[in-house]
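What follows is one structure encoded as structure tokens, with my remarks underneath.
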Amino acid sequence: QVQLVESGGGLVQAGGSLRLSCSASGRTFDNYYMGWFRQAPGKEREFVAGISRTGGSTYYADSMKGRFTIFRDNAKNTVYLQMNSLKPEDTAIYFCAASRFSTGATTPRLYDYWGQGTQVTVSS
């Protein structure tokens, strides 16, 4: 079992940057494909980015390409989401998630473990 804890959210002005972190418990972190999702009020949870177990492959939702970067440090059991050029429409709760068997998954139901989320608010 994996426990995930996100941090790094906050309030930022449009055009600014934030780096989210997700720390995982356990010693098998590199067995998991990791993803970031977000959910805005009244909207469904949507895929943001994903990263393979070794970190060699990354996947992004189209609206995040070029602005967001996902990377991981398996020695630290941590996955990160660097967010640049933030827009007000990026305001949401951001969740990290771990998938034991999937690769490249963009659907929430394919993930086995979730963090509690961290709020990101982008002001205009």
#### Entry: Residues of the stretch 42-80 satisfying the condition of being part of a helix (DSSP H, G or I) and closer than 20 Å to G10 by Cβ
M64
### Summary
Here the qualifying pairs (Cβ atoms under 8 Å; residues six or more apart or on different chains; first in the stretch 107-122 and free of Cβ contacts under 8 Å to residues at least 12 places away in the same chain; second of a type outside the set (F, W, Y)) come out as L110/S99; L110/S102
## Note on the structure
Within the stretch 81-120, residues part of a strand (DSSP E or B) and exposed (fewer than 15 other Cβ atoms within 10 Å of the Cβ) come out as Q119
### Task
Would you point out the residue of the stretch 1-51, among those that are touching a Pro at 6+ places or on another chain (Cβ under 8 Å) and more than 17 Å from G66 (Cβ to Cβ), that is most open to solvent (accessible area, probe 1.4 Å)?
R45
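The values are calculated or read from the model by the stated rules, or taken from the named source; none is laboratory data. Computed from a predicted model, the values in this text were never measured in an experiment. As a convention, Cβ positions derive from the backbone with ideal geometry for all residues, glycine included, and neighbour counts pool all protein chains shown. We work out accessible area using only protein heavy atoms, side chains counted, and drop any ligands, DNA or RNA first. Shrake-Rupley method; radii C 1.70, N 1.55, O 1.52, S 1.80 Å.
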